[in-house]
Structure formats: C-alpha cells, structure tokens
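Chemist: Before I ask anything, here is the structure I am working with.
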Amino acid sequence: MSITATTAWLPLEHGVTDFYQGATLALVPALVTGAGYDLAHAGGVVLAATILSSVAQPAFGALADRRPLPWLRPAGLLLAGTGIGAVGLMGSYLMVCAAVLISGLGVAAYHPQAARAVHARRAGDSAVGWFSFGGIAGYSAGPVVTTAVIAGLGLTATPLLVLPAALAAAAHLHRRTPAAAPPSRHATPGPEGSEGADDWPRFSGLTAIVVLRSVTYYALTTLLVVHLTTQRGLSLALATTALTVFTATGAAATLLGGYLTRRAPRTVVIAGSYLFTTPAIIGVATATGPAAILPCAALLGLGMHVPVALHTTLGQHLLPRHVGTAAGVTLGLSVSVGGLAAPLAGAAAQHVGTTTTLLTVAALPLAAAAATAALVHPRTVSRAIQHAALARLQLPATLTDELTTLAQTQDRRVDTVLHDAITDYLATHPTPKPASTNHARTGA
C-alpha cells in the first residue's frame, strides 16, 4: 500500500508516545541507585506507570466515541512527556508516582484517539501494522535514550526527555490534520459505523484472546533471559541476544500481519500465528545451544506479534460504532493484564522452575487459537468458497485484490458485492469449455 505523509505521521507520533512507556523502564533502576528506592518502591513506580494508564484507555476510548476529540492527541503527547520529564525533579516518592501517573494518563488519552484516526483513513490492516510498528520502535528506544541522558547528565536531566513530545505536539498542531483522509486502495468501504451493529459477544471473545496473548508475552519477557542463563547454559550476552531477536522479529511481524490479511481473513491469520507460537515456546524452553534457541526466538517473535495490529482492526470491525472503545480495550488490556500476571509467572517459576512454567505458558496460545476459531462468522466459509472461485476464474490481479479486501470486512453487504462481481464477470467472460479428449484417444 502507499503510505501518504498524513498516514506516515501517525506511526511517528505513536512512537513518541510509547517512548515514554519505555523510558520508565530505565528510570526505575536509576531511582533505585540514585534515590535509594528498594524493589518494592520501584515496583510501585512501574505499577503507577502501567495500570492506571491501561485501565483509563477504554474510558478515553468511550469518551472519544461520544464525539471527536482531536485535541487529545497533542494533549496526551504533552502529558506523557511532561510526567516523565518531571520525575528527576521530584523530591519524594509520592511526587515521583504522581509524575509517572500523569505520564500514564497522557499515554491513555493518546491511544484511542490516534487509533480512531488510523481507522478513519480506511487504510486497512497494513496501516494499523505501521502504527503498531511505530509504537514498538518508540518503546524500544525509550530505555536506550533515557539511560544515555541519565548516565551522562544525571537524574535531574530528565526534563530534556520532554523534547520529543513537545516537538511532536507542535508538529501535530501545525499540520492540523483532518479527521479523515481519502480512502486508500486497500480501504474498508463506507463511512465509520456502516459495517453494521456492534457485536459485543464476539468482541468479548476477542478481549479474552488479547488477555491470553498479554499474559503469554509478559511471562516470556519476564522469564526468558533467566531461563536461558540458568537452565540452558547460555551466557548473559547470548540470552540477551535471544530476547533482542524475539523483540526485533516481533517489530517486523506487526507489519507482516497487515499484508497476510490480503490473502486470508484476519481470524485465520491470528489463529495460525498462535498455533505455531506454542511449538516455538517449547523450543525456547527445551532447546540446547544458540543454533536452536535463536531460530525458536525468531519464530516466537513472529507468532506473538503478527496478531497485534489485527486485534485492533478486528476489534474496531466488531464494534463499528465504538471504535475508540475497541482500541482502548485491545491496546490497554495488553499492558495491564500482562503486567499483573508477570509477578505470578515469577512466583510460579520460583516454585516449579522456569522450564515447567514456560511449558505451562505454552498452552495459552493454543487457547487463544481456539478462541479465535470461535470468532469465525459463518459467512467466512462462504467467502472462502468465493475466493476459490475468484482464483479459478483467473480475474485480473487488481480486481482480485479489491474483492479480497472487501471480503475481509466480514460484512453482509460485501457478500452481496462479491456475489454480484462474480456474476457480472461470468456474464461478460464465459468460462472456456474444457477441451475434448476424444481426439486424443489411441488404441493403446
């Protein structure tokens, strides 16, 4: 798909916002060494940064669904940056937690409105994939940049971290981007909300899938390095490399998901990804040596991250009248529930070992795949038959792409469009009769 300047700006903006979530990871050890916090107080800072933000996101999404609030994007950016920037100037633990809470609220305010903006551009799964990629890149850059600033200038230099948010917010206000843009070639047809009524039962199923993915992800990131160093005999450098392979492959996988859905329904891509996540976890848990572990880590990154953007787009499809709420739930729960489960995974590993814990966690993606299969609408079977018919008819590639994109919306009206398109094509392009085989017969 072609990425317009307006569409490309959203991943950059998202990266700046999530930069501040990553920055918290670097601030915590700095507070432990520089301010004398113990681990319990450090955990409180992380809790303040994640939990309230994640819980507040659905509320901000519901607010954005009631009426457009484009100012939430620059306001969220500024709050996210200002809160983190103030941490180094706070004189007490409660003030530090308050600053981090403000940053978390800014992150919560930004995400639903930004996800609505991506949805309004009708650029499909690929655009949401780029949006997610921007967030992952920014989150990954947060600890690196923050550590460099603190190491060079001290904890009191955190106000410098406000600069990215200030620049991004100023650029947003200068651009004054419209709420919507012309649909792209791979866009979902029709205005927002035209896809039908909200499907809350299936959205509840999707929420369960997001929760399963979240718990799996945070259990893996909590235990992976410890497991590889203590149970598989890898050096700390190699174990960290495996974690880097997992996250780097995952960043690329967020882009891959949007392109896979041009050839298969979202539910098929999501379920397939989770199905090969389970053997990848088993491989990481039991393999010996980097030659086996690193490929498993790469497969694990693919399986865990291909569905990320698709969760959001599928959620917005299931709640076409509440796309902000859908984004708030699918984006917010991925932080809060996993963050709550991480200590439980650590406690389990302490009692039964990291290998047993990881093998137990490996069952969660299978449950997610099964739950995804339950989301498949009966019309999907009909569309699969129609896709096969399109392939047999050998339609022009451009027309096939358009019809496939229409089918991915899982909308009853699209079934009619697809049926009419096939009927019209058959009327104007009769199927060639099979060649007779009588003349090819011999006496043999």
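Chemist: So for the stretch 74-81 (the condition being part of a helix (DSSP H, G or I), assigned by TED's automatic domain parsing to the domain that holds ALA141 and over 19 Å from ALA165 (Cβ atoms)), does at least one residue qualify?
Modeler: no
Chemist: When you go through ALA368, ALA373 one by one, which is the residue that is small (Gly, Ala, Ser) and in contact with a Lys or Arg (Cβ under 7 Å, 6 or more places away or on another chain)?
Modeler: ALA368
Chemist: Sort out which residues of the stretch 260-284 are within 22 Å of PRO295 (Cβ to Cβ) and not hydrophobic (A, V, I, L, M, F, W, C), and write them in order of number.
Modeler: GLY272, SER273, TYR274, THR277, THR278, PRO279, GLY283, listed by residue number.
Chemist: Within the stretch 344-363, track down each residue that is assigned to a helix (DSSP H, G or I) and either in contact (Cβ under 8 Å) with a residue 24 or more places away in the chain or within 14 Å of the chain's Cα centre (by Cα) (or both).
Modeler: ALA345, GLY346, ALA349, THR354, THR355, THR357, LEU358, LEU359, VAL361, ALA363, listed by residue number.
Chemist: If we keep just the residues of the stretch 262-291 that are hydroxyl-bearing (Ser, Thr, Tyr) and assigned to a helix (DSSP H, G or I), which is modelled with the lowest pLDDT?
Modeler: Across the stretch 262-291, the extreme among qualifying residues is THR267.
Chemist: Turning to a different aspect of this structure: For residues in the stretch 92-111 being touching a residue at least 60 places away in the same chain (Cβ under 8 Å) and either within 14 Å of VAL28 (Cα to Cα) or among the polar types (S, T, N, Q) (or both), which is surrounded by the most Cβ atoms within 10 Å (Cβ to Cβ)?
Modeler: SER103
Chemist: Among all residue pairs at least 6 apart or on different chains, which show Cβ distances below 7 Å where the first residue, located in the stretch 262-274, is touching a residue at least 24 places away in the same chain (Cβ under 8 Å) and the second is among the hydroxyl-bearing types (Ser, Thr, Tyr) and buried (at least 22 other Cβ atoms within 10 Å of the Cβ)?
Modeler: Going by the 7 Å Cβ cut-off, the qualifying pairs are ARG266/THR313; THR267/THR372; VAL269/THR261; ILE270/THR372; ALA271/THR372; TYR274/THR372.
Chemist: Looking at the structure I just gave you, is LEU94 farther than 21 Å from VAL16 by Cα and in a helix (DSSP H, G or I)?
Modeler: Yes; evaluated as a whole, the condition is true for this residue.
Chemist: If you take the residues of the stretch 230-240 that are of a type in the set (S, T, N, Q) and over 16 Å from ILE281 (Cα atoms), which of them is surrounded by the fewest Cβ atoms within 10 Å (Cβ to Cβ)?
Modeler: The residue in question is SER235.
Chemist: Something else: So LEU89 clears everything in (1) closer than 18 Å to THR146 by Cα; (2) modelled with pLDDT of 85 or more; (3) surrounded by 16 or more Cβ atoms within 10 Å (Cβ to Cβ) except one condition, right? Which one?
Modeler: (3)
Chemist: A follow-up question, please. Exactly one condition in (1) among the small types (Gly, Ala, Ser); (2) surrounded by 20 or more Cβ atoms within 10 Å (Cβ to Cβ); (3) within 24 Å of VAL226 (Cα to Cα); (4) at pLDDT 95 or above is not met by ALA345; state its number.
Modeler: All conditions are met except number (4).
Chemist: When the stretch 45-78 is examined, which residues are found to be surrounded by fewer than 24 Cβ atoms within 10 Å (Cβ to Cβ), out of contact with any His (no Cβ under 9 Å at 6 or more places or on another chain) and within 17 Å of TYR20 (Cα to Cα)?
Modeler: VAL45, VAL46, LEU47, ALA48, THR50, ILE51, LEU52, ALA56, LEU72, ALA75, LEU78
Chemist: While we're looking at this one, here's another question. Could you tell me whether ILE270 is out of contact with any strand residue (DSSP E or B) (no Cβ under 7 Å at 6 or more places or on another chain), crowded, with 24+ Cβ neighbours inside 10 Å and farther than 24 Å from GLN21 by Cα?
Modeler: Yes, satisfied.
The values are calculated or read from the model by the stated rules, or taken from the named source; none is laboratory data. Predicted, not measured: the structure shown is a model, and the values here were computed from it. Using ideal geometry, Cβ is built from the backbone for each residue, glycine included, and neighbour counts are taken over all protein chains shown.
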